[in-house]
Amino acid sequence: MPSKSKGAPKAKEQANTGSNPSSANPSNINPKTINERSAYRYEVGNPLASKKSEVGGVQGLSPTERATWTNLTYVRKAQDQKRLPLPNKANKDLWKSINESGVPLRGLDELEGLKFPGNKIYDWGRDRAGRDIGEYTPEQFKKRRGKRLRVTQLEVLGRQFQALRRKVGGLATLEDEEIDKERIRREELAKLRMELYGEKTGTYAQDPEWDDIEPVAQVEGEGALASIAYSDDYAEAMSYLRAVMAKKEHSPRCLRLTENIILMNPAHYTVWLYRFSIISSLNISIKNEIEWLNKVSLAHLKNYQIWHHRQLLLDHFYPLFDPVDGQPATADNSEEVKEFALSEMGFLKKMLDEDAKNYHVWSYRQYLVRKLGLWNLSEEIGYVETLILEDVRNNSAWSHRFFIVFSNPAHASSNPEIPATKFDPKVPADVTEREVGYAKRKIEEAPQNQSPWNYLKGVLARGGKKVEEMEEFCLQFVNKLGEAEEEVTSSHALDMLAEAWAEKGEKEKADLALRRLAEKWDRIREGKEKGGHAALIAPAHSYSSATSRSFHPPRPQKNLHSFGARREGRNRSKTDGYPPRAGDESASKARKPGAEHEGAQGE
Amino acid sequence: MAAGRGGFGIGGPDSELIDEEFVHDTSSPHVAAMVPDLFTHPAPIVDPLRTTTSQAQKETVNECLPFLADCHQPHNDHGVSQLSRPRHAAFVRKWLDQRMSRHFVAVDASRPWFLYWCIESLDLLGEDVSQYGDRLVQTASWMQNPTGGFGGGFGQTSHLATSYAVILALAIVGGGALYDVIDRRAMWKWLSSLKQPNGSFAMATGGEVDVRGAYCAAVIISLLNLPLELAPEHCNPPGFNLYTGLANYVQRCQTYEGGISGKPDAEAHGAYAFCALGCLSILDSPDRIIPKYLDIPRLVSWTSSRQYAPEGGFSGRTNKLVDGCYSHWIGGCWPLVEACLSPGGETDSTTSLYSREGLTRYILNCCQDTTKRGGLRDKPSRLSDAYHTCYVLAGLSSAQHAFSYSEREGLEPWGVSSHTAAEQVFGEVDRVGTLHPVYVIPQSKVVAIKQYFASKSGF
Ligand SMILES: [Zn+2]
């Protein structure tokens, strides 16, 4: 280290060399910068250096000067190698010559006569701000040196801490005070490293608790596609995550690690899945986790990992609800479940207040209803009704209503489950009536709103009712069809009328309805309305299967066959003779699939 | 697919800036002559009752009408904008090539999706993607886990969606060196571990079970020609294999509306509808399997209802807004639905069950970012992103082409040709590449990867 150069040589010695470099000028004995100081020391230590370059090399020096230079160079090199392999006599002569020349034995190396750019003797490097350290004042330099010494000191203490830790057999057996001291030391160390070198010490690298983990960094190489310039914090946390996941470690510190990463990147499915595995193995209370989760959810409304996490939590903790009389606990038989359900619903309301159609929130809600048996919970039904009251077009709310009404085990066959578009003989007639009435009332509020129309169709199919029963209801939205003063206030009504009339065999009227949809009221669907696929225009419900036979569970491929099931037991010509334009080639061609399917049905 | 959405837009132009007076000004005869009034006027029936939904719908119509009726971009005689190919290509290349800033950390688990979205977009735009081969191999290798499957990145848990995306990206570029990145035996074991008693698949170990899993798994199994038997350590009920109960699971996802939900009990949704039909169409010929498990008339009714006028685009659910990405999720259902209505033969290409014209207009006039930024988007007020660029272009491809299905021994049954029957509103220069309707990568690439693995007996 150049700074080890011992004190400034005496001015007298300097004068002896006969050289007079500017930096060695007595006026510069108090140099302003470290570079100046180095230059001064260099000149003092190498009195022949300037002269040598002035006269064009060693050859230009006087014989005495040359001998001094040679001797000095020799001694310095030999000194470096910690040996002087000369016979005693030669050794003695050498030292005599050196002593007589008055040149300091120790000094800054000559560096083969080369200087650094900017005529610097030594390159001190740059500090974190990019400033040349050589341009520091000696005062600033001294301060920096002090910091560097402190770094070394802290590192030594850190090694002692590690040794102690190994000796006592781990962190757990160490005094808290010791750990805290080390923590404080590392904080200081990190601060110093940042100040000195702009080097960021990661949070985990600083924490004694993570000393035993060798982080696994992401090294993809330069050419990686769609790469991300991660923040240091994220990259560090992820490299610790990889390491602990590989070890399958499930510990409180890993739980904290997952929280940290989730807050930086909540869309990280890996961390969520790992978090759940930690929670289940540590058996952390669901209450704490849900409280935390709620905060994360409200901060990241679009995130969907939270919902799967929530479901995993509930699956894991549900068995803790005490079964009632050997039956699984539900909101109907257990106050505890009901209370939990209500708190969940309170939170879900907050989420739906932000986005009433959030798909993942609704999916979780459906899961919750099944899991906790909330079918008859008045709060649940009431809430959905409130949402429909607020926005009659909220299809998610309609969809949920259909689910709670028609998947309610009291109203639905469960073994096997009957597809949603098919008749379920277990649905009570009064439920069907009630729901038909509800849909009708909602349609009247805004007849062009498709949600209640779809709902109505769904209820009719589920309840095994004919679409033609809706004819009168639909007609209030369709006036003077096909006439000059034609008035339609709902294209969905017209569509349902087409279905109802087709069902009744009133082909011409059905044809007219579809034509008017294609021509005026619903032109974008002209392809479907006028198109060749006549089979599609037939009513979708399966009332006939409801009235003529019961559902055959073991042979779903026959019964679930939509075409066959629908047509069976009815006058085929009514449906099949129903292309929009009779005799149209494409229509008859397209009827083929239906016919074939019916053949396959074989019933 | 909602799962894959980037969702990192930082807001778009305020839709309130669109002048309502201007929107309803239809006095320009020039415009009227070019664009059918179906696409220049609000729908014929609009209920007076105002709710949050109707407000949002009205705003969207007002936002789209200027783009549909009076486009300021270069357009053809039909009033349809041209496809800004170079800009869109540059946009997706940027996502692939440039390092995303630290602010994109949210997509750290979705990087495989970016590989697929960007490479497929370039392919559809007619760009050469072979140059990405080496870097793709390198990138994908880091994402693969020795225990099978690909995660979102190095050290991330394997996931069906990310595995699907990586495999498709490798398949698009194609070639043995790329296919061989995939550890098929490990993939098979991993898939066996994800198989659920209900027939579907978990997206990851401990992950969610939904219809995406059914589709992604079927794509992986069929492209890689994996054995259907479960790996020995997972072989519980005898005879239960990777495909057992899969179609039944899909069936349980059809809702009273006729559409398909992500999982039983939920609301019908466009992205899941595509996954459901895609999955079924892998298991068997669509004309056999789709009617066997789904109620076709209800399905068609719901799918058809997804298209709106005057916008022309598709929405993902009843009473939700049009969004460019459903050009694929819903648009991509149509070839599968049409194939199931035309058993064992060509689909009737003269009629379409949806308005190809409407979809084309929405895509080219409303979904293109024609500024320097490039890329395609959800709707005019949203920023373009890689996800929408891919699926809007895929939807455009579907609207521009006709599909046929016919089973021939040992040959790929799906055929794709230009859709020529109806009046074509887009210029021939704006025709994009073709896609396999199930795998959503080019037909030839499906054939190539299947052939490669068909020749591999065992592992
Ligand atoms: Zn979208």
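In nm, to one decimal, how far is the modelled label at residue A:222 from the one at residue B:76, with both set 7 Å along Cα→Cβ?
4.4 nm
For region B:319-433, which whole-number percentage of the solvent-accessible area (1.4 Å probe, protein heavy atoms only) is attributable to carbon and sulfur atoms? Walk me through the numbers before you get to the answer.
Working: 1590 of 3310 Å².
That fraction is 48 percent.
Any of A:248/A:350; A:302/B:445; A:295/B:195; A:442/A:509 with alpha carbons more than 31 Å apart? Name them for me.
On the way: A:248/A:350 36 Å; A:302/B:445 35 Å; A:295/B:195 33 Å; A:442/A:509 26 Å.
Pairs exceeding 31 Å: A:248/A:350; A:302/B:445; A:295/B:195.
Please check region A:180-228 for residues whose accessible area, probe 1.4 Å, is lower by 20 Å² or more when all protein chains are in place than in their chain alone.
Buried on complex formation: A:218, A:219, A:220, A:223, A:224, A:225, A:226, A:227, A:228.
Compute the accessible area per residue over region A:285-390, keeping the other protein chains in place, probe 1.4 Å, unit Å².
Working: 4920 Å² over 106 residues.
Here the residues of region A:285-390 average 46 Å² of exposed surface.
Just the number: Rg to Rh for region A:111-241, Cα atoms, Kirkwood Rh, two decimals.
Radius of gyration over Kirkwood radius for region A:111-241 works out to 1.08.
In whole Å, what are the extents of region B:118-235 along the principal axes defined by its C-alpha atoms, from largest to smallest?
43, 25, 25
Run down the aspartates and glutamates and flag those whose C-alpha is under 16 Å from the C-alpha of residue A:480, throwing out any fewer than 8 positions away in its chain.
A:471, A:472, A:495, A:508, A:511, A:519
Return the Cα extents of region B:89-172 along principal axes one, two and three, sorted largest first, each rounded to a whole Å.
36, 30, 20
What is the ratio of the Cα radius of gyration of region A:392-446 to 2.2 N^0.38 Å, where N is its residue count, to two decimals? It would help to have the intermediate numbers written out before the result.
Values: Rg = 12.1 Å, N = 55, 2.2 N^0.38 = 10.1 Å.
Output field value: 1.20.
Enumerate the aspartates and glutamates that residue B:58 could reach by cross-link, defined here as Cα to Cα under 12 Å, with residues fewer than 8 away along the same chain left out.
Correct list for residue B:58: B:16, B:20, B:47, B:311.
Would you please give the FRET efficiency between residue A:173 and residue B:205, computed as 1/(1 + (r/R0)^6) with r the Cβ-Cβ distance and R0 = 35 Å, to the nearest 0.05? Please list the in-between numbers first.
On the way: r = 35 Å, r/R0 = 1.01.
The value I calculate is 0.50.
Multiplying the sequence separation of residue B:93 and residue B:451 by 0.36 nm and subtracting their Cα-Cα distance, what value in nm do you get?
This chain segment gains 125.9 nm when fully extended.
Mind listing the Cα extents of region A:137-210 along all three principal axes, in Å, largest one first?
Result, largest extent first: 48, 20, 16 Å.
Give the shape of region B:363-459 as rounded, prolate or oblate, defined through the alpha-carbon gyration tensor: a ≥ b ≥ c are the square roots of its eigenvalues, a/c under 1.5 means rounded, and otherwise the shape is prolate if a/b is larger than b/c and oblate if not.
oblate
Could you state the accessible area per residue of region A:137-210 in Å², with a 1.4 Å probe and every protein chain left in place?
65 Å²
Taking the alpha carbon gyration tensor of region A:285-390, what are the square roots of 5 times its eigenvalues, largest first, to the nearest whole Å?
Taking √(5λ) for each eigenvalue gives 23, 18, 10 Å, largest first.
Which FRET efficiency value, to the nearest 0.05, is calculated for residue B:417 and residue A:292 with the Förster distance at 60 angstrom and r the Cβ-Cβ distance?
Here the calculated transfer efficiency is 0.60.
Excluding residues on the same chain fewer than 8 positions from residue A:51, give the aspartates and glutamates whose Cα lies under 12 Å from its Cα.
Partners found: A:43, A:65.
PRE reach from residue B:185 (point 7 Å along Cα→Cβ): which of region B:214-256 fall under 13 Å by backbone N?
B:232
Which whole number gives the average count of other chain Cβ atoms within 10 Å of the Cβ atoms across peptide A:238-246?
Counting other chains' Cβ atoms within 10 Å and averaging over A:238-246 gives 2.
What total accessible area, in Å², is buried where chains A and B meet, using a 1.4 Å probe and rounding to the nearest 100?
Values: alone 33120 and 19060 Å², together 44370 Å².
For A against B, buried area totals roughly 7800 Å².
Rounded to the nearest 0.05, what FRET efficiency do residue A:475 and residue A:376 give with R0 = 30 Å and r taken as the Cβ-Cβ distance? Could you check?
Working from the Cβ atoms, E equals 0.25.
I'd like the distance separating the alpha-carbon centroids of region B:321-340 and region A:164-205, in whole Å.
Here the two parts' Cα centres lie 58 Å apart.
Just list whichever of A:520/B:320; A:457/A:504; A:440/B:292 have alpha carbons separated by over 21 Å in the model shown.
A:520/B:320; A:440/B:292
Taking all protein chains in place and a 1.4 Å probe, what share, in percent, of the accessible surface of region A:131-242 do carbon and sulfur account for?
Here it works out to 51 percent.
Ratio of region B:59-454's C-alpha Rg to 2.2 N^0.38 Å, to two decimals? Don't skip to the end; give the middle numbers.
On the way: Rg = 20.1 Å, N = 396, 2.2 N^0.38 = 21.4 Å.
Here the Cα radius of gyration is 0.94 times the empirical estimate.
Test of understanding: extend the Cα→C-beta vector of residue B:198 to 7 Å, then name every residue of region A:398-441 with backbone N under 20 Å from that spot.
A:399-422
Within the accessible area of region B:258-316, what % is carbon and sulfur when the probe is 1.4 Å and the other protein chains stay in place? Write out the running numbers ahead of the final one.
Working: 290 of 710 Å².
Answer for region B:258-316: carbon and sulfur cover 41 percent of the accessible area.
The values are calculated or read from the model by the stated rules, or taken from the named source; none is laboratory data. For clarity, every value in this text was computed on a predicted model and none was experimentally measured. Positions of Cβ are generated from backbone atoms using ideal geometry, with glycine treated the same way; all protein chains shown enter the neighbour counts. For the accessible areas, the whole protein counts, side chains as well, though only heavy atoms, and no ligand, DNA or RNA atoms are used. Shrake-Rupley method; radii C 1.70, N 1.55, O 1.52, S 1.80 Å.
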